């Protein structure tokens, strides 16, 4: 159990490629923080810097108030779950779980009891004598988690641990990780590029882009009020629609928005096809594709005039035949004003 | 190819049988020759069926040897050969696996240069550098010693290269997981890398043992004392005799006996050998 502080952390690779620019982040004790962003945004690098697998060019990483920049991964007392699990192929599951404890000189009876406990929690008791290649993907994933929890480390670091699993198993394991982390109360940092995984897991979400933090906060706070255009486009699926303010002005009355605004965003699920009582924006568009996804339907719409494609998420079985022209209503309260130059929110 | 055409079956079998015959016939001749009476060869015709002197010939070779040829008893030469092959095998594997480990897992100055220097020696087999190598070994006073027999043959670019290629296929995460688990470099090498290389080491041992066993030119150069003669060069000495016909039946018995250890190694290590060559799953 521990806190993790990153202060003005910087990573510059050989050839002057800056992967992380002066980044600050405080992770509270017992918190599950998810680093999310597109590939190459530096999220994995940051995690590996916390783990001690990458050197830190500048700034400090502290675990439990102690600067650990110069410490080996093992001395930082963290456990890591890798994307490809990185189980030792020639050892049995038991051997894999025990290895870290043995290296620490943990007494035999303590090793046995910890392995038994971890195996019970993860329901891998029956697999202890098998080799990793005899296990399925989901089982390997559990063993990898087991290897982390037997150590009772100060923090868990997860590096895209679910991306090698199929969609259904991924959903299950996600819930299990969340439950496990809650029960153990261990500080965790979780890296993923999947925004759904990020939103469902995170106590706090850190959206990263190009080596910088775009926004930090609870999942719904980021969804409701994205501070930058990048966050607006990254969080939420289908992504937020962004329309030029000039187009809106041309098409009708636009509610009062800050002066710097030149792009207006609205989420697909806030678009209505029937008039609203509250102040709203009215648009018209042609239905280009009618995409039923079960509980709701995604309409791919081409805006009248500009021809821009937007997406609306409407209730299932909404009558909107492909090729027809439909009116769109978005409440003024649901609009997100942005400035495209700064990439920031203007209100 | 799952085609089922009778004439194709016949053809493929013919080719295989022909291939086996070409490889096996000289060995068969050697065996037949080793069972003949001493005067059989004077007639100039090579018999194709075994004679009745097999027990006598082999007993003579294994007990007294051919003392007239200046070669030591067969037992000593076999022991020398075995010792030489084993030292070369173990030495080559130890040296090459550690150098491959250094090259793949450590960042040190001139790392790539070190690798390429090792690699370039592939182009310089013993035969090419034999005179300078002999000079070095002679100046070190290693003539007529096991060290002199084996040391110059131990450095191996091939094995280093093979281990390097294998280490490159081992995922980095394994090393990182070991680091997080508190294993230092040497512990990682011993606990993770060595067990993973087991089949590669097995396959390589077979190849290297045979390489060491069949060395001819180098032992011929560095040994003048018959106590250090190896079997492969010893056979040559038996075959060349002044003033009399070589005793082919005894020479061939020695040949057959000299073939046994490598054959034995191949048979015993076959499972590991094949696994090491074909296994892809780590």
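Of everything in segment B:198-220 that's surrounded by fewer than 20 Cβ atoms within 10 Å (Cβ to Cβ) and not in a helix (DSSP H, G or I), which residue is farthest from the other protein chains (Cβ to nearest Cβ)?
Taking the candidates together, the pick is B:216.
Only one of A:134, A:83 is within 14 Å of another protein chain (Cβ to nearest Cβ), at pLDDT below 95 and more than 30 Å from the chain's Cα centre (by Cα); which?
After applying the criteria, what remains is A:134.
Residue A:143 - would you say it is under 30 Å from residue A:8 (Cβ atoms) and within 14 Å of another protein chain (Cβ to nearest Cβ)? Break it down into steps so the answer makes sense when it comes.
Numbers: under 30 Å from residue A:8 (Cβ atoms): no; within 14 Å of another protein chain (Cβ to nearest Cβ): yes.
Taking the combined requirement at face value, the residue does not satisfy it.
Need the failing condition index for residue B:195 against (1) free of Cβ contacts under 8 Å to residues at least 24 places away in the same chain; (2) within 11 Å of chain A (Cβ to nearest Cβ); (3) in contact with a helix residue (DSSP H, G or I) (Cβ under 8 Å, 6 or more places away or on another chain), just the number.
The failed condition is (3).
Counting only residues that are under 30 Å from residue A:87 (Cβ atoms) and either touching a helix residue (DSSP H, G or I) at 6+ places or on another chain (Cβ under 7 Å) or surrounded by 20 or more Cβ atoms within 10 Å (Cβ to Cβ) (or both), how many does segment B:125-175 have?
12
In segment A:74-93, what residues are part of a helix (DSSP H, G or I) and more than 13 Å from residue A:151 (Cα to Cα)?
Across segment A:74-93, the qualifying residue is only A:93.
For segment A:28-46, does any single residue satisfy the condition of being within 11 Å of chain B (Cβ to nearest Cβ), surrounded by fewer than 17 Cβ atoms within 10 Å (Cβ to Cβ) and out of contact with any helix residue (DSSP H, G or I) (no Cβ under 7 Å at 6 or more places or on another chain)?
No, every residue in segment A:28-46 fails to be within 11 Å of chain B (Cβ to nearest Cβ), surrounded by fewer than 17 Cβ atoms within 10 Å (Cβ to Cβ) and out of contact with any helix residue (DSSP H, G or I) (no Cβ under 7 Å at 6 or more places or on another chain).
Give me the residue from segment A:215-231 that is without any contact (Cβ under 8 Å) to a residue 60 or more places away in the chain and either in contact with a helix residue (DSSP H, G or I) (Cβ under 9 Å, 6 or more places away or on another chain) or in a helix (DSSP H, G or I) (or both) and, out of that set, nearest to residue A:263 (Cα to Cα).
Applying the filter and picking the extreme gives A:231.
Going by the structure shown, is residue B:203 within 22 Å of residue B:261 (Cβ to Cβ) and at pLDDT below 90?
Considered against the rule, which asks whether it is within 22 Å of residue B:261 (Cβ to Cβ) and at pLDDT below 90, residue B:203 comes out as yes.
Farther than 17 Å from residue B:173 by Cβ and away from chain B (no Cβ under 14 Å), is that true of residue A:12?
Yes.
Taking into account only those residues within segment A:47-67 that are in contact with a helix residue (DSSP H, G or I) (Cβ under 7 Å, 6 or more places away or on another chain) and within 13 Å of chain B (Cβ to nearest Cβ), which is surrounded by the most Cβ atoms within 10 Å (Cβ to Cβ)?
A:52
Could you go through segment A:190-202 and let me know if any residue there is more than 16 Å from the chain's Cα centre (by Cα) and in a helix (DSSP H, G or I).
no
Can you give me the ranges of the strands (runs of 3 or more DSSP E) entirely in segment A:257-320 with at least 2 residues that are modelled with pLDDT under 90?
Because the criterion is at least 2 residues that are modelled with pLDDT under 90, the strands (runs of 3 or more DSSP E) in segment A:257-320 that meet it are A:280-292.
So, in segment A:105-127, how many residues would count as being under 33 Å from the mean Cα position of the chain (by Cα) and over 20 Å from residue A:180 (Cα atoms)?
0
The values are calculated or read from the model by the stated rules, or taken from the named source; none is laboratory data. It should be emphasised that the depicted structure is a prediction, and the values quoted were computed from it without experimental measurement. Glycine also receives a Cβ, built like all others from the backbone with ideal geometry; neighbour counts cover every protein chain displayed.
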